[in-house]
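First the structure, in the form of C-alpha cells, and then the observations on it.
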Amino acid sequence: GQQVMQIPQYQHVQEGEDFTTYCNSSTTLSNIQWYKQRPGGHPVFLIQLVKSGEVKKQKRLTFQFGEAKKNSSLHITATQTTDVGTYFCAGNASSNTGKLIFGQGTTLQVKP
Amino acid sequence: DTEVTQTPKHLVMGMTNKKSLKCEQHMGHRAMYWYKQKAKKPPELMFVYSYEKLSINESVPSRFSPECPNSSLLNLHLHALQPEDSALYLCASSQGVARVYEQYFGPGTRLTVT
C-alpha cells in the first residue's frame, strides 16, 4: 500500500538554528498537508500543498512540494522554543475519500 | 467556531465494560473521522463518515462501533476492549471528502484499558 516516509524521527537544535523535516511518498500524491502536534496536544493543520513545485511560506516556516509530487519538506528558520512539537506530513491517497496517509512524524526539541 | 470537542478527556475502563466516546463539531462539516494514536506514533485512521454515512472502515475490530447520529455528532462505542487498545482517540472533521480539505482535530480522549 501507499507509504509516506518522514525523516528525521527526532531533531534537537539550539534556539536560533534552522530545522528541516522531509517526506517521501512511494507514489505520486494529489496533495500534501502538514500538521503540528505539541506535547500533550492534538494535531493542528498548518498548510496544504497541491501544485507540483509549490512553495509556501508562513513567517519562519517554508513548505515545499516536489516537482514529481512525491516529496515535500518543511523548513523552519531560526527556531524558537514555541516550535517544539511533532511535525507530521500527510499525503492524500485518493482525492475523494478524505483518507490521509501520515508520515511517522519528526519530533523537534529546541534548547533555549 | 473552529472547534471540535471530545468527551470524556480521560477514560479508564475494564475489559468487560461498555463505554462511549463522543465528538461534536459545529462548523457545518460533512465529513468526520476517528483516529487512534499511540505514543510517539502518527494518527491511525479508523473510520470515516461522509454525510452521516460510514464511508471507510479501516478493518477495525468489531469491539469498536462508530455511530453518526447527525451531521454534528460522532460517537465511538467501545465494548470488550483489550489492554492494547489503550491510546489517544482523536476525532476530526473536514468540509467533505470530495476534495481534499484540512482536517480539524479534537483534543482527544485518552483511553486506558485495564
Provide the descending list of Cα extents for segment A:1-62 along its principal axes, expressed in whole angstroms. 35, 26, 21
Report the Cys residues of the protein assembly as shown lacking a disulfide-compatible partner, meaning no second Cys Cβ under 4.7 Å from their Cβ. B:CYS68
Over chain A, how many percent of alpha carbon pairs lie in each 10 Å bin up to the one with the longest distance? 16, 49, 29, 6, 0
Explain nothing, just compute: Karplus ³J(HN,Hα) = 6.51 cos²θ - 1.76 cosθ + 1.60, θ = phi - 60°, for every residue of segment A:57-72 in order, whole Hz, x for Gly and Pro. 10, 10, 6, 8, 9, 10, 10, 10, 10, x, 4, 8, 6, 10, 9, 8
Take the alpha carbon atoms of chain B, find their radius of gyration, then divide it by 2.2 N^0.38 Å using N residues; give the quotient. 1.00
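First obtain the Kirkwood hydrodynamic radius of segment B:47-86 from its Cα pairs, then insert it into the Stokes-Einstein equation at 10 °C and 1.306 mPa s, and state the resulting D in µm² per second as a whole number.
Numbers: Rh = 11.0 Å.
Translational D for this selection: 144 µm²/s.
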Need one number: convex hull volume per residue for the protein assembly as shown, Cα atoms only, in Å³. 119 Å³
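Values quoted throughout were computed directly from the atomic coordinates according to the rules given, and no laboratory measurement underlies them. The shown structure was predicted, so the numbers you read here are calculated from the model rather than taken from an experiment. Because the Cβ atoms are built from the backbone with ideal geometry, glycine has one as well, and the counts that use them run over all protein chains shown.
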